[in-house]
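The values are calculated or read from the model by the stated rules, or taken from the named source; none is laboratory data. Just so it is clear, the model here is predicted, and its values are computed rather than measured. Because the Cβ atoms are built from the backbone with ideal geometry, glycine has one as well, and the counts that use them run over all protein chains shown. Ligands, DNA and RNA are stripped out before the accessible areas are found, and what is left, the full protein with its side chains, is counted by its heavy atoms. Shrake-Rupley method; radii C 1.70, N 1.55, O 1.52, S 1.80 Å.
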Amino acid sequence: MNNITNQSLSEILESIKSKKISSLELTQAYIKNIENAKKLNAFVTTTFDQALENAKKFDNKPNNEQLLSGIPLAVKDLFCTENVKTTAGSNILNNFVPSYESTVTKNLWNNGAFLLGKLNCDEFAMGSSNETSFFGNVINPIGDHLVPGGSSGGSSSALAADLTPATIGTDTGGSIRQPASFTGTVGLKPTYGLCSRWGIVAFASSLDQAGPMTKTVNDCSIMLEAMSSFDEKDSTSINKKKESYSKNLKDNIKGLKIGIPKEYRVDNMPKEIDELWEKGKKILKDLGAQLIDISLPHTKYALPTYYIVAPAEASSNLARYDGVRYGYRSQKGKDLIEMYENTRSEGFGDEVKRRILIGTYVLSSGYYDAYYLKAQKVRQLIKKDFDDSFTKVDAILTPSTPSSAFKIGEKTNDPVSMYLNDIFTVPVNLAGLPALSLPAGLDKQGYPLGLQLIGKALDEQKILNIGYAFEKNCGYKNEIKKWWS
Amino acid sequence: MSKEKFDYFINGEKGKYEVVIGLEVHAQVLSNSKLFSGSSTKFGADPNRQVSLIDSAFPGMLPVINEECVKQAVRTGLGLNAKINNYSVFDRKNYFYADLPQGYQISQYKNPIVGEGKVLLDMPYGSKEIGIERLHLEQDAGKSIHDMDPSSTYVDLNRSGIALMEIVSKPHLRSPDEVNAYIKKLRTIMRYLGTCDGNMQEGSLRADVNVSVRKVGDKNFGTRCEIKNVNSIKFMQMAIEYEANRQVELLEDGKKIDQETRLFDTKKNETRSMRSKEDAHDYRYFPDPDLLPLKLEQKLIDDLKKSLPELPDNKKERFIQEYGLNSYEANVLVSEKEISDYYEEVAKLSDKKLAATWMMGDLFAMLNDKGLNISNSPISAKNFAELVQSIKSGEISGRIAKEVFEIMVESGDNPKKIIESKGMKQQSDPKELEKMINEILSKNKDKVNQYKAGKEKLFGFFVGQVMKLSGGKANPQLTNEILKKLLKG
């Protein structure tokens, strides 16, 4: 009972279904944890009253046929939630209360879950450390001086600190997988189009994808099943039959071919990352998988390509935050143009401004061909690299990040070194593929490290299966001292 | 038909100039809902009553293409004899303005849905083909209202997101008259197709006008100026007239024309510089990542082609062939679909040629007088056909027909009923007429003698007497014949 919140989602679901615990007790336990964890700064908004009411409602009339029966969930504050403030970590949306619910969160609620609160994130999901949020940086439960990763840093921190049994994030260039890796949790970026983007505050439309963040691979498959759907309201949504990822989860991976791309052994990569990768290969090999060396020759262009495409789309996506219809409006300025300038100067933080400027620049006439168009061409080549490899292998194994969680403030004045943190995650978004980050070990400081499994488009089941088998044989356990409470 | 010569030139001291005009017409697509949202497109609603979360660009909202708008664009393209592109792309055109909620307009830039086509104009100097460069789909912006409050601007987003077709002509137009004919022809085609109502008062049809001048015989185009957003044909013509003369004056003075965007001031009847080429917006076009490229299956295009109504050019040819009309008549009668429908209904029931004459004469004059159009004509096509038939059969004379027509307009009654109840039927019985004529001749023996003695002018006097006696109903042709016969005897 006492330790219910440090259990996995699937264990908690069992307890709810077998009536070992009520939804109300569960919710109260999480509320207590959250109130004791203010230091982590993981939440922007809490919805305790609403959650308690929903829990009681569930207990009065329990429906245990659902995927997430009676489960309170906190979600990244990038998902629009009906009548609950949605900020995207930005001052410009500090007062914004949507009248609508994002498709992904609605799917969760339709599967029996309810909202516990909104989780901090980098402003408009632009960041790798959750330090760009208007609501302050989030602290990694692993250590009080460490970043939780970003942009879904509130999500990873809350999950690792037992403030929510599972959560969802969004991943544009690694924003689910990198924070998962930094906190010793599981994070999945699904195939582009598997989860609807409708109602998610947009960063870069062609790259944004929502996904689950959980304690176990099984939890991850449950959450993915609950949140994904075809959505007519999103033109890029994929129309396919829903899959039962959790029911079909298997740990037999004998005979599967795992690609090892040589280009992911980057210069100056810490030795322990290399060792972690070797460890991962050995586990999979011992499970009967076949390791195959592959080449993804355009990998080195992925990061610069990403930092053209993503800011370009962002510069346009963020044009709507102009102070005219909703959100923050500066009271200064004598005409429309000055109102725009002051609103956006005061409303956006530095990182967002930096990316708007980069994006505006690469789209301007005279530079479009040299930057944006070229980046789109390179993006096709990156995608083709993966397509070619997937004719030979079932999945690809790489490290998730080039380092473990870094110190708060360590990279804030060096955007390029911050951007380099996305080096292993970004190619996947450019290619629209699914990728799973799994906790795989600790570095010498005792900080978690993750490995990444990349799959073919819509091949989530396979990478979940490999992850499931890996998890059982890896022996990783997240032991976090609750120093904050 | 005698052909006039084209003569729209501007004479300067240093030579004779011709005017080169190209139009970018913005036609509002007829559809129930907007291009990327389900909001209504009905005109005249209270401000901000037809605005969805998508139209007002709330966070996380995504556009979804309205298939009907795509079909309307394809139909229009087919009506312009244009190439339909199976692959087209929606781009974002980025700029900030208070009535542009997204901060960008979704438009089509490099890959429009419709490519090159052509429109045929009937000018007094012959028919002229105007090339179409392209047609693309785009969103309309909202409306900024600056005059409701002294210190604030109000924004109405009802129009925001409504589908527009931008139809770009090649620089093939050479005079304000050709512009008039071109706009009218485009409007006619789109009304036939039901793809745009062409209502310029409601802003359903507006145009940007590109004007340049060059000396007659020059191969190269002059520097052009673009006159933005002109919303009536009359203003387009006035703007072109002013702008072309302004450019000629500059050239005559040895000055250069700056490529720029200009506004037409309808009160002062002049164009004014809005922004120069250097100040032109950098719209940072790029493909909208929220929308997939638009791929049209050939079958859809073929099916739409098969279901197209008969278009004015074909109908005109058919009217000439089938109804024996001349080119001018056919042109007038196909200018509006409703007119052509009315005519065909009348022609089915009556003499085709006479029907055309009477429609283009008395009917149009009456509608014009009363400010009506053919669809709310007080005379139904069926009644009109009966009137035409009564004239043709000799039941009433043309002169009586005009009286019957007047009564039809007032009462809406059937002409047969009017003719009978008012006893207006023409006297065409030769025996009756002979009796009447004999009576007149016997009363006017002196005049008969004078006529026989050679004063043939008196023939008119006898006709007049017959008409007087018959109350105007005597069949004039028969009267003439019988009179001549009896006067000879």
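Across peptide B:92-103, the mean count of Cβ atoms from other chains lying within 10 Å of each residue's own Cβ comes to 5. Centre-to-centre, using Cα atoms only, the range B:214-281 and the range A:159-235 are separated by 55 Å. Between the range A:64-87 and the range B:324-371, what is the separation of their alpha carbon centroids in Å? Here the answer is 67 Å between Cα centres.
Counting other Cβ atoms within 10 Å of each Cβ, which trypsin sites (Lys or Arg not before Pro) in the range B:208-306 have at most 11 and sit in a DSSP loop?
Working: sites: B:214, B:215, B:219, B:224, B:228, B:234, B:246, B:255, B:256, B:262, B:267, B:268, B:272, B:275, B:277, B:284, B:295, B:299, B:305, B:306; in loops: B:219, B:224, B:255, B:256, B:267, B:268, B:284.
Here the trypsin sites (Lys or Arg not before Pro) that fit, given the DSSP loop and packing criteria, are B:219, B:255, B:256, B:267, B:268.
Using a cutoff of 8 angstrom between alpha carbon atoms and counting only pairs six or more residues apart, the relative contact order for chain B works out to 13 percent.
When the surface is traced with a 1.4 Å probe over the full set of protein chains, residue B:429 keeps roughly 70 Å² accessible. Name the shape class, rounded, prolate or oblate, that the alpha-carbon gyration tensor gives for the range A:162-318, where a ≥ b ≥ c are the square roots of its eigenvalues, rounded holds for a/c under 1.5, and otherwise prolate holds if a/b is larger than b/c and oblate otherwise. Because a/c hits 1.5 or more and a/b fails to exceed b/c, the range A:162-318 counts as oblate.
Of all chymotrypsin sites (Phe, Trp or Tyr not before Pro) in the range B:51-152, which ones are in loop regions per DSSP and have a Cβ with at most 13 other Cβ atoms within 10 Å? All intermediate terms of the calculation are to be shown ahead of the outcome.
Values: sites: B:87, B:90, B:95, B:96, B:97, B:104, B:109, B:125; in loops: B:90, B:95, B:96, B:97, B:109, B:125.
When the chymotrypsin sites (Phe, Trp or Tyr not before Pro) of the range B:51-152 are filtered for loop state and at most 13 Cβ neighbours within 10 Å, B:125 remain.
Label point of residue B:263 set 7 angstrom out along Cα-Cβ; within the range B:217-246, amide nitrogens under 12 Å from it belong to B:228-229.
Using a probe of 1.4 Å on the protein chains alone, the accessible area found for residue B:399 is around 140 Å². Angle of helix B:476-488 to the longest C-alpha principal axis of chain B, folded into 0 to 90 degrees and rounded to 10: 30°. If a spin label sat at a point 7 angstrom from the Cα of residue A:367 along the line to its beta carbon, the backbone N atoms of the range A:289-333 nearer than 11 Å would be those of A:312. Using a simple spin-label model with points 7 Å from Cα along the Cα→Cβ vector, what separation in nm is obtained for residue B:414 and residue A:342? Distance between label points: 7.6 nm.
According to the square roots a ≥ b ≥ c of the eigenvalues of the Cα gyration tensor, what is the shape class of the protein assembly as shown, taking rounded for a/c under 1.5, prolate for a/b larger than b/c otherwise, and oblate for the remainder?
On the way: a/c = 3.10, a/b = 2.50, b/c = 1.24.
Note, shape of the protein assembly as shown comes out prolate.
Residues in the range A:294-334, backbone N under 15 Å from the label point at residue A:268 (7 Å along the Cα-to-beta-carbon vector): list them, ranges by number please. None, by backbone N distance to the label point. When accessible surface is computed with a 1.4 Å probe, chains A and B are found to bury approximately 2800 Å² between them, both chains counted. The order of the peptides B:20-30, A:95-105 by mean Cβ neighbours within 10 Å, most packed first, is B:20-30, A:95-105. Counting only other chain Cβ atoms within 10 Å of each residue's Cβ, the peptide A:87-93 averages 1.
Suppose accessible area is computed on protein heavy atoms with a 1.4 Å probe; arrange A:341, A:65, B:67 from highest to lowest.
Highest to lowest solvent-accessible surface, that is A:65, B:67, A:341.
Under the simplified labelling scheme, the residue A:485-residue A:83 pair shows an inter-label distance of 3.0 nm, with each label point 7 Å from Cα along Cα→Cβ.
Here each label is just a point 7 Å from Cα along the line to Cβ, and for residue B:480 and residue B:425 those points are 2.5 nm apart. With contacts taken as Cα pairs under 8 Å and at least 6 residues apart, the range B:433-487 reaches a relative contact order of 45 percent. Dipole magnitude for the range B:9-305: about 640 debye, using +1 per Lys or Arg Cβ and -1 per Asp or Glu Cβ, origin at the Cα centre.
Explain nothing, just the number: relative contact order of the range A:50-196, from Cα pairs under 8 Å at least 6 residues apart, as a whole percent. Could the numbers behind the result be given before it?
On the way: 324 pairs, mean separation 30.3, N = 147.
Across the range A:50-196, relative contact order equals 21 percent.
Given the pairs B:353/B:425; A:32/A:481; B:234/B:295; B:170/B:352, which span a C-alpha to C-alpha distance of over 28 angstrom in this model? Write out the running numbers ahead of the final one.
Numbers: B:353/B:425 22 Å; A:32/A:481 17 Å; B:234/B:295 39 Å; B:170/B:352 38 Å.
Beyond 28 Å: B:234/B:295; B:170/B:352.
Compared with the dominant principal axis of the Cα atoms in chain B, helix B:176-193 is inclined by about 90°. Taken about its Cα centre, the range B:229-324 carries a charge dipole of about 200 debye when Lys and Arg each add +1 at the Cβ and Asp and Glu each add -1 at the Cβ. The 3J(HN,Hα) values that the Karplus relation (6.51, -1.76, 1.60; θ = phi - 60°) gives for the range A:457-468 are, in residue order, 4, 6, 9, 3, 4, 5, 6, 5, 4, 4, x, 5 Hz. Gly and Pro appear as x.
For the protein assembly as shown, with all protein chains in place and a probe radius of 1.4 Å, 48% of the accessible heavy-atom surface sits on carbon or sulfur. Here's the picture: charge each Lys and Arg Cβ at +1 and each Asp and Glu Cβ at -1 in chain A, and of A:306, A:79, A:397 the one pushed furthest to the positive end of that dipole is A:397. Within 10 Å of each Cβ in peptide B:280-287, how many partner chain Cβ atoms are there on average? Round it to a whole number, please. If you average over the peptide's residues, the count of other-chain Cβ atoms is 6. Sites listed here are trypsin sites (Lys or Arg not before Pro) in the range B:34-63 whose DSSP assignment is loop and whose Cβ has at most 14 other Cβ atoms within 10 Å: B:42, B:49.
Could you pull out every one of the lysines with an alpha carbon less than 16 Å from that of residue A:444, ignoring same-chain neighbours closer than 8 positions? Cα-Cα hits under 16 Å: A:271, A:279, A:407, A:477. Ellipticity at 222 nm from helices only: DSSP H runs of n ≥ 4 in the protein assembly as shown, each -39500 (n - 2.57), divided by the residue count, give -11500 deg cm²/dmol.
Mind running the shape call on the range A:327-460? Use the C-alpha gyration tensor, a ≥ b ≥ c as the square roots of the eigenvalues: rounded below 1.5 for a/c, prolate if a/b tops b/c, oblate otherwise. Oblate shape, in that a/c is at least 1.5 and b/c is the bigger or equal ratio.
Keeping all protein chains in place, calculate the accessible area per residue for the protein assembly as shown (probe 1.4 angstrom), answer in Å². Walk me through the numbers on the way to the answer.
Values: 41520 Å² over 974 residues.
On a per-residue basis, the protein assembly as shown sits at 43 Å².
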